[in-house]
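The next block holds one structure in the form of structure tokens; read it before the comments.
Each value in this text was obtained by applying a stated rule to the coordinates, not by laboratory testing. Keep in mind it's a predicted model, so treat the numbers as computed, not measured. Here the Cβ is made from the backbone with ideal geometry for all residues, glycine too, and neighbour counts use every protein chain on show.
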């Protein structure tokens with residue numbers, strides 16, 4: 001992935017947080033999930049090159065959870081069964097949880113806007129003031145809910 005310049009942006013927050021704890025399936029331990037770690041989320045445009053060198057698949061505004069085990073290129077190459085050289089990633093934003101400020105830092109890679117309007121969701125009802133899941137950017141929160149609910153359903157299917 002070509003390095004894109006990043007710039008720290010101002011976050012304009014909504015005045016309230018939408019409680020989304022009820023969207024999680026029973027048995028979900030969001031507080032102790034892998035998403036409670038300080039891994040960043042990136043918003044990406046992903047292009048996969050086809051046989052003739054033309055874009056075959058284009059996904060926009062993809063929410064990718066950065067983990068230490070895979071790069072975005074490795075993840076999408078595996079997902080689509082293509083070589084990493086066929087993947088082009090354009091970063092748009094990165095949301096980095098920061099427990100020391102009890103919130104999130106946002107980096108913008110587009111150079112288009114120095115202010116981002118961010119709506120927030122509450123995914124964890126714990127009393128831990130450093131829990132990054134007490135206040136999560138809404139679109140990232142929806143992805144976390146979907147991933148955790150899929151994990152619960154997969155575990156239930158494995159029990160049957």
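Structural remarks
- Of the set (1) assigned to a loop (DSSP other than H, G, I, E, B); (2) crowded, with 18+ Cβ neighbours inside 10 Å; (3) in contact with a strand residue (DSSP E or B) (Cβ under 8 Å, 6 or more places away or on another chain), all apply to residue 89 but (1).
- Taking region 129-160 as the range and being in contact with a strand residue (DSSP E or B) (Cβ under 9 Å, 6 or more places away or on another chain) and either at positive phi or outside any loop (DSSP other than H, G, I, E, B) (or both) as the test, the residues that pass are 136, 137, 138, 139, 140, 141, 142, 143, 144, 145, 147.
- Count of region 68-79 residues, restricted to those that are surrounded by 15 or more Cβ atoms within 10 Å (Cβ to Cβ), in contact with a helix residue (DSSP H, G or I) (Cβ under 9 Å, 6 or more places away or on another chain) and not in a loop (DSSP other than H, G, I, E, B), is 3.
- Some residue of region 111-128 being assigned to a loop (DSSP other than H, G, I, E, B), over 13 Å from the mean Cα position of the chain (by Cα), touching a residue at least 40 places away in the same chain (Cβ under 8 Å) and buried (at least 19 other Cβ atoms within 10 Å of the Cβ): yes
- If you check 62, 46, 106 for being assigned to a strand (DSSP E or B), without any contact (Cβ under 8 Å) to a residue 24 or more places away in the chain, surrounded by 12 or more Cβ atoms within 10 Å (Cβ to Cβ) and in contact with a strand residue (DSSP E or B) (Cβ under 7 Å, 6 or more places away or on another chain), only one passes: 62.
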